[in-house]
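One structure below.
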Amino acid sequence: MAKHIFVIGGVLSSLGKGIASASIGFLLQKMGYKVAMQKLDPYLNVDPGTMSPFQHGEVFVTEDGAETDLDLGHYERFTGLATNRNSNTTSGVIYENVIKKERKGEYLGKTVQVIPHVTNEIKRFIKKLAVDNDIVITEIGGTVGDIESLPFLEAVRQFRLEVGYENSMFIFLSYVPYIPTAGEVKTKPTQHSAYKLREIGIQPDILLCRCEKELDEEIKQKIALFTNVSEKNVFSAIDVDCVYEIPKIYFDDGMQSRICQHLRIEERNVDFSRWDTFLNNIKNPQDGNIKIAICGKYIEHKDAYKSVVESLYHAAAWNNVKLYIKWIDSEAQYTSQEYHSLLNDVDAILVPGGFGIRGIDGKIEIVKYARTNKIPFLGICLGMQVASIEFAKNVCNIEDAYSSEFNENCKNPVIALMPDQKYIDDIGGSMRLGAYPCKLTPDSLAFSIYKQENITERHRHRYEFNNKYRDIFEKHGMKFSGTSPDDLLIEIIEIDNHPFYLGVQYHPEFKSNPENPHPIFSAFIKAAKNN
Ligand code: GLN
């Protein structure tokens with residue numbers, strides 16, 4: 001029977017529940033347990049696919065094509081394990097399922113209620129992940145006291161009753177602020193939040209207190225007394241410079257022992273060797289600094305590019321360089337001259353994914369700058385599409401080249417919807433979502449990076465390179481070094497006589513982690529370093 005850990009947040013949002021859950025996942029996974037992680041989101045959207053990155057940050061895409069919360073990215077990066085469609089659900093899905101069942105008459109005329117029908121649906125979802133896994137870690141979105149998260153908390157309260165104490169554990173992430181005018185930390189918000197949790201029948205087993213500095217014993221005793229948690233189970237979760245330090249901090253504090261004792265599982269060795277090398281490289285890089293420009297329209301909300309940024313850090317660490325990111329607002333309508341002065345101190349340029357016409361002209365200028373000045377360039381998804389438009393305009397002299405995403409009636413849609421749509425997934429409307437195979441051309445930059453002919457990468461887009469323009473592009477020196485195995489879809493573009501120019505229709509950033517940086521990012525950073 002799988003053991004369950006529930007991670008619940010109190011006091012306020014943004015305490016880093018995702019990272020805390022991922023760090024616990026890391027420790028258990030490294031002990032050799034089969035771990036699965038999931039996030040329950042209290043909002044009513046069916047998935048985050050249609051939510052604005054300005055508000056919600058990145059949409060993380062799983063291998064099987066689910067558009068999910070960005071916390072799943074943390075889970076994958078910390079555990080190295082792939083999540084899937086069953087790793088994220090929302091109140092929207094839960095209620096949708098209950099209502100569908102009601103319409104089909106599955107409740108046999110009973111009054112359909114939050115308890116037990118909605119809570120049963122939630123428990124059913126949690127149990128899905130328990131199959132073939134030793135430990136399921138379930139993070140509950142939102143903060144204790146929110147109306148929205150109540151059904152989830154009620155469901156996990158019932159869950160404990162069903163599976164028993166030693167098969168379930170509640171970890172409560174709270175906040176202990178330091179108040180400068182009083183010159184001390186305050187435990188009251190944590191006390192009240194824990195009362196609130198107990199009010200709904202959940203007694204936390206472990207308390208993780210976010211704080212600026214390590215809490216002293218006296219404070220921990222006080223928190224333990226008021227929250228009814230054993231003092232040994234009250235941990236400080238201090239602010240850190242780099243989130244990847246957190247598993248080690250938990251480990252040094254002995255959290256794994258407390259978890260193993262509670263769940264009655266064997267405490268095994270945790271091998272930190274590769275992780276430590278990575279951390280050491282991040283903190284003390286030996287080969288200098290590099291500066292990478294990321295050009296996008298969501299730069300005010302950097303979480304929108306979470307996986308891209310993390311992938312750059314992973315690759316920088318293994319290249320032994322310190323990474324600086326220069327954010328360039330593609331919507332700012334700079335002149336070419338201004339772009340030149342903005343970009344002349346960067347070692348490489350990355351244009352990430354995105355949707356819609358806003359900022360496109362700026363991106364075209366930026367890609368032109370990278371191509372003509374021979375600055376290492378990586379275009380991801382929309383970035384690759386913009387690179388194609390730029391190449392069409394400025395190299396192939398197709399003046400009105402564009403994407404039909406930005407102008408349905410444009411005369412030369414070098415990026416367009418595929419006529420037969422055979423690759424399209426139902427979920428997410430007409431998007432190509434999730435992992436798709438790609439065949440690489442030998443003797444290409446792409447092949448030299450992956451060192452194999454067949455790869456799979458994750459996608460999230462509607463539009464594709466328009467095959468009508470293949471010949472003219474090739475005539476002008478564009479190489480299509482990666483295509484779908486049936487050769488219908490262009491997956492990778494590159495050009496010769498450039499230190500590094502690569503556009504990929506997929507999102508390599510979803511498959512990078514600190515122990516195994518993605519080869520594209522490694523090669524890109526290496527090119528930046530040599531620039
Ligand atoms: N907007 C583009 C498309 O739908 C690119 C999407 C992306 O960058 N993820 O094809």
- Item | Residues being of a type in the set (Asp, Glu) and part of a loop (DSSP other than H, G, I, E, B) - total across region 1-57 | 1
- So which of Lys196, Lys213 ends up being surrounded by 14 or more Cβ atoms within 10 Å (Cβ to Cβ) and either of a type outside the set (Val, Ile, Thr) or in contact with a Ser or Thr (Cβ under 9 Å, 6 or more places away or on another chain) (or both)? Lys196
- Test Arg268 against the criterion of being closer than 22 Å to Val7 by Cβ, touching a residue at least 40 places away in the same chain (Cβ under 8 Å), surrounded by fewer than 20 Cβ atoms within 10 Å (Cβ to Cβ) and of a type in the set (Lys, Arg), and give yes or no. yes
- Where residues in region 319-355 are more than 27 Å from the chain's Cα centre (by Cα) and of a type in the set (Asp, Glu), which of them is modelled with the highest pLDDT? Asp345
- Message: Going through Val131, Val163, Val144, Val156 one at a time, which residue ends up being of a type outside the set (S, T, N, Q) and touching a helix residue (DSSP H, G or I) at 6+ places or on another chain (Cβ under 7 Å)?
- Response: Val144
- Message: Quick check on this structure: which one of Leu173, Leu161, Leu129 is closer than 30 Å to Glu267 by Cα and modelled with pLDDT under 95?
- Response: Leu129
- Check Ile415, Ile398 and return the single one that is modelled with pLDDT of 95 or more, at negative phi and within 11 Å of the ligand (Cβ to nearest atom). Ile415
- Message: Could you go through region 334-348 and let me know if any residue there is within 16 Å of the ligand (Cβ to nearest atom) and either in contact with an Asp or Glu (Cβ under 6 Å, 6 or more places away or on another chain) or within 26 Å of Arg458 (Cα to Cα) (or both).
- Response: no
- Task: Show the residue pairs that are 6+ apart or on different chains and have beta-carbon atoms under 9 Å apart, the first residue being within region 82-105 and free of Cβ contacts under 8 Å to residues at least 24 places away in the same chain and surrounded by 14 or more Cβ atoms within 10 Å (Cβ to Cβ), the second being of a type in the set (Ser, Thr, Tyr) and part of a strand (DSSP E or B).
- Result: Arg85/Thr68
- In region 262-286, the residues that are assigned to a loop (DSSP other than H, G, I, E, B) and aromatic (Phe, Trp, Tyr): Phe272
- Message: Can you confirm whether Gly359 is of a type outside the set (Val, Ile, Thr) and on the phi < 0 side of the Ramachandran plot?
- Response: no
- What residue, of Ile364, Ile375, is touching a residue at least 24 places away in the same chain (Cβ under 8 Å) and within 16 Å of the ligand (Cβ to nearest atom)? Ile364
- Message: Suppose the filter is of a type in the set (Gly, Ala, Ser), assigned to a helix (DSSP H, G or I), in contact (Cβ under 8 Å) with a residue 24 or more places away in the chain and closer than 19 Å to Asn513 by Cβ; does Ala304 pass it?
- Response: no
- Item | Enumeration of residues in region 456-469 that are near the ligand (Cβ under 8 Å from one of its atoms) and aromatic (Phe, Trp, Tyr) | Tyr463
- Note on the structure: Here the residues within region 194-207 that are part of a helix (DSSP H, G or I) and either in contact with a Cys (Cβ under 8 Å, 6 or more places away or on another chain) or among the hydrophobic types (A, V, I, L, M, F, W, C) (or both) are Ala194, Leu197
- Restricting to region 470-492, what's the tally of residues that are surrounded by 22 or more Cβ atoms within 10 Å (Cβ to Cβ) and away from the ligand (no atom under 16 Å from the Cβ)? 4
- Message: I'd like the residue in region 160-193 that is in a loop (DSSP other than H, G, I, E, B) and of a type in the set (S, T, N, Q) and, out of all such residues, is surrounded by the fewest Cβ atoms within 10 Å (Cβ to Cβ).
- Response: Thr181
- Message: Only one of Ala315, Ala304 is at pLDDT 95 or above, at negative phi and either within 16 Å of the ligand (Cβ to nearest atom) or not aromatic (Phe, Trp, Tyr) (or both). Can you tell me which?
- Response: Ala315
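The values are calculated or read from the model by the stated rules, or taken from the named source; none is laboratory data. Since we're looking at a predicted model, the values are computed, not measured. Reconstructed Cβ throughout: ideal geometry from the backbone, glycine too, with neighbour counts over all protein chains shown.
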